[in-house]
């Protein structure tokens with residue numbers, strides 16, 4: 001009894017291999033005097049805050065108008081509140 005051949009048996013060795021990509025060129029970044037270095041990223045922890053819908057909408061509107069994230073705005077408000085304590 002003969003063993004059944006797969007219909008893909010003829011394709012072995014004919015599968016296209018991806019062409020090796022050339023290494024990207026290295027470009028040295030030169031900082032300009034007007035370029036601002038971002039502050040070091042401080043680790044964060046998760047915390048739940050559930051504002052009222054009205055408060056969330058006001059925060060969303062201010063975020064849009066100032067082009068700042070809601071996280072930044074909440075951080076700023078909490079830090080100001082803690083500074084008063």
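Fully extending the segment from residue 49 to residue 67, taken as 0.36 nm per residue of separation minus the present Cα-Cα distance, adds 4.3 nm.
Modelled label positions at residue 58 and residue 81, each set 7 Å beyond Cα in the direction of Cβ, lie 1.2 nm from each other.
Bear in mind these aren't lab numbers, they're just calculated from the coordinates by the rules spelled out. For clarity, every value in this text was computed on a predicted model and none was experimentally measured. No Cβ is skipped: glycine too gets one built from the backbone with ideal geometry, and neighbour counts run over all protein chains shown.
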